[in-house]
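> Next up is a structure, given as structure tokens.
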Amino acid sequence: MNIGQKKDYLNRFGTEYDRLQRMNDHIESFRLNKMYPSMSQDGMPHAHNNDDLSSYAVKLLELEAKRDKQQAVCQNIMKDILLKLSKLDDTREITVLDLRYIYMMGYEEIAEILKVSKRTVLRILDRALKNIVI
């Protein structure tokens, strides 16, 4: 697997985690719109929606079930990535990959945490991507 393919593989967690966050936002918006039907998220009054509570509950359960499945996807991807990271010998490589692909930090943030330059972070990351087996 080349470096680009390894990055794509590691970036899957961030992609799926973003999807999970959007689902959580959607559920929260759905709840708020039911609690305050005359005020949508734009702050303007709208006509009342007279759906019964049972249809709301069914829809909410569907949304939460999809969210729970997405959460399981994220957990499985994270476990898989962390297992692969644990097989690396260099703890700095593990740390950089973990901060970059699990915590989704930028290079500058990682450099600050490790107390090294951004250039050093990029060198460690490059070496880690060459060494990791996927």
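The values are calculated or read from the model by the stated rules, or taken from the named source; none is laboratory data. These numbers were taken from a predicted model, which means no experiment stands behind them. So basically every Cβ, Gly included, is an ideal-geometry build from the backbone, and we count neighbours across all protein chains shown. Note: areas computed on protein heavy atoms with side chains; ligands, DNA, RNA excluded. Shrake-Rupley method; radii C 1.70, N 1.55, O 1.52, S 1.80 Å.
> Skip the ligands, DNA and RNA, and give the accessible area per residue of the chain with a 1.4 Å probe, whole Å².
Values: 8950 Å² over 134 residues.
In whole numbers, the chain has 67 Å² accessible per residue.
> By how many nm would the segment from Gln75 to Lys115 grow when fully extended, if each residue of separation counts as 0.36 nm and the alpha-carbon distance is taken off?
11.4 nm
> Taking the Cα centre of the chain as the origin, how large is its charge dipole in debye, to the nearest 20, when only Lys and Arg (+1) and Asp and Glu (-1) carry charge on their Cβ atoms?
In debye, rounded to 20, the chain gives about 640.
> Residue by residue, what Karplus-based ³J(HN,Hα) values in Hz, rounded to whole numbers, does segment 58-66 have, using 6.51, -1.76 and 1.60 with θ = phi - 60° and x for Gly and Pro?
Each residue of segment 58-66 in turn: 5, 5, 4, 4, 5, 4, 5, 5, 5 Hz.
> Another question, then. Starting from the Cα-Cα distance between Arg31 and Tyr56, subtract it from 0.36 nm times their residue separation and give me the gain in nm to one decimal.
Length gained between Arg31 and Tyr56: 8.1 nm.
> Same structure, new question: Suppose accessible area is computed on protein heavy atoms with a 1.4 Å probe; arrange Val121, Val116 from highest to lowest.
Details: Val121 0, Val116 40 Å².
If we order Val121, Val116 from most to least accessible, we get Val116, Val121.
> Where in the chain is the longest stretch that carries no trypsin sites (Lys or Arg not before Pro) classed as loop by DSSP and with at most 15 other Cβ atoms within 10 Å?
It runs 1-86.
> Quote the accessible area belonging to Met35 in square angstrom, nearest 10, computed with a 1.4 Å probe and with ligands, DNA and RNA left uncounted.
Looks like 120 Å² after rounding.
> Near Lys79, which lysines are there with a Cα under 21 Å away, not counting those fewer than 8 places off in the same chain?
Lys6, Lys7, Lys66, Lys69, Lys87, Lys130
> Here's another thing I want to ask about it. Calculate, in whole percent, how much of the Cα-Cα pair population of the chain lies beyond 25 Å.
More than 25 Å apart: 46 percent of the Cα pairs in the chain.
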